[in-house]
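First up is the structure itself, then whatever we jot down about it.
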Amino acid sequence: MTAHGVAVTGLGLVTAAGVGTKATWDAVCAGRPTAADDPRLAGLPVTISCTVPDFDADRLVDRRSTLVHDRFTQLALVAAREAVAEAGLDPATWCGARVGVVVGSALGGVATSEAQQRRMAERGPRGVSSLLIPMFMHNMVAGHLAMDLGATGPNFVTATACASGATAVGAAAELIRTGRCDVVIAGGTDAAVTPLMVSGFARMGALSRRVAEPAAASRPFDADRDGFVIGEGSGILVLERESHAAARGAAVLARVAGYGASADGHHMTAPDPTGAAASRALTGALEEAGAGAGDVDYVNAHGTSTPLNDLTEARVVAATLGAGVAVSSAKGALGHTLGAAGAIEAALCVLSVSTGMIPPTANLERQDPEVELDVVAGGVRHVTVDVAVNNSFGFGGQNAVLVFSS
């Protein structure tokens, strides 16, 4: 079987930095944190989040959207439309059967579920929306993208916790490589900044308690980090068979060169401190890409700002790639977008490859002395990025690593 090259020809981003790829890239490159006090979380132990500002679903999606879509689907629809437009593709003219959709989500439509539970408590069963189930279900985000774009090829959702978006991109690349699709709309989305979800993460001790200074709360690899800031967003990439992109004269932003995945098999929420499985995912992605440790110019780290994750990841990267590789985390600026994170950060890797810019790690003021890496901070680093790695790790010990090349 012939293995086809996988090109990235379009990007779409919706994050706490704003709607559109440019807004997110500008904020990340400026090292500008987006965390702020969230009135919806008043009275909870943690009251800060990174949420999309001024997101008007009536304007950005359509006027019926709030009746039929959970917010996690709305964010993905907007990101996907941007990505397809940048790719120069027209859903009205493409062969929909050759276009797939693979989207990752960790928590699905939890905002709808919580709202409808409150309605049931207040009004009884007849107060519950007849659309509760299709709004809440994980798979519906991929279904809605297919309906919106006329994509009738393979269609599914990946759920590997905070690695979901990266897993989706990896699975989508396989659909291209094996010839099943010419184009795949791939990425991740989550909108789980709700009182119940925030309370659950807070009870676990996963969230930063630096609520008096929200902008400084998410600080990956910093010695004073104390947890992540929950965020929301969506990242969508258009993956395309290289020969298909070339035939229509499309600009190639980067290539998906490798994908590796593994499971820690260690603990429900804590990473395996040995990092053995994470290292195996990284090594596997590099092997598929035909790249060696010395070829990697940049690692976009999972870098959640939690004590255990950052230290374990740093040890894995240093042991596998060497301590001198340039590393940064976007979560200092954007917070942790859960199932969307891997896809948003994959898009940032593509931008680093295409622009030669490595964004800094926001709020990194005093690097943890145990993090023996070249963590970029203080400003953009301008270098040639021929090979970039994107690490994503999730609860349950699920690891996904992507390699992008020029």
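On the given criteria, is residue 15 crowded, with 21+ Cβ neighbours inside 10 Å, among the polar types (S, T, N, Q) and in the same structural domain as residue 180 (by TED's automatic domain parsing)? Yes, satisfied. Just to be sure, is residue 281 buried (at least 19 other Cβ atoms within 10 Å of the Cβ), small (Gly, Ala, Ser) and either over 25 Å from residue 227 (Cα atoms) or outside the structural domain of residue 78 (by TED's automatic domain parsing) (or both)? For residue 281, the condition - buried (at least 19 other Cβ atoms within 10 Å of the Cβ), small (Gly, Ala, Ser) and either over 25 Å from residue 227 (Cα atoms) or outside the structural domain of residue 78 (by TED's automatic domain parsing) (or both) - is met.
Would you mind stating whether residue 334 is crowded, with 22+ Cβ neighbours inside 10 Å, over 20 Å from the mean Cα position of the chain (by Cα) and not assigned by TED's automatic domain parsing to the domain that holds residue 164? No; evaluated as a whole, the condition is false for this residue. Evaluated against (1) surrounded by fewer than 24 Cβ atoms within 10 Å (Cβ to Cβ); (2) under 19 Å from residue 223 (Cα atoms); (3) not basic (Lys, Arg), residue 304 falls short on exactly one condition, (1).
Just wondering, is there one or more residues in the range 363-377 that are within 19 Å of the chain's Cα centre (by Cα), closer than 21 Å to residue 294 by Cα, assigned by TED's automatic domain parsing to the domain that holds residue 286 and crowded, with 22+ Cβ neighbours inside 10 Å? No; the residues of the range 363-377 include none that is within 19 Å of the chain's Cα centre (by Cα), closer than 21 Å to residue 294 by Cα, assigned by TED's automatic domain parsing to the domain that holds residue 286 and crowded, with 22+ Cβ neighbours inside 10 Å. A single entry from 318, 341 fulfils the requirement of being hydrophobic (A, V, I, L, M, F, W, C), modelled with pLDDT of 95 or more, assigned to a helix (DSSP H, G or I) and surrounded by 24 or more Cβ atoms within 10 Å (Cβ to Cβ): 341. Residues that are out of contact with any His (no Cβ under 8 Å at 6 or more places or on another chain) and without any contact (Cβ under 8 Å) to a residue 60 or more places away in the chain were ranked within the range 345-362; the one that is surrounded by the fewest Cβ atoms within 10 Å (Cβ to Cβ) is 355. Taking the range 220-272 as the search range and keeping residues that are aromatic (Phe, Trp, Tyr) and either more than 23 Å from the chain's Cα centre (by Cα) or part of a strand (DSSP E or B) (or both), which one is surrounded by the most Cβ atoms within 10 Å (Cβ to Cβ)? Ranking the qualifying residues of the range 220-272, first place goes to 228.
The values are calculated or read from the model by the stated rules, or taken from the named source; none is laboratory data. Since we're looking at a predicted model, the values are computed, not measured. Here the Cβ is made from the backbone with ideal geometry for all residues, glycine too, and neighbour counts use every protein chain on show.
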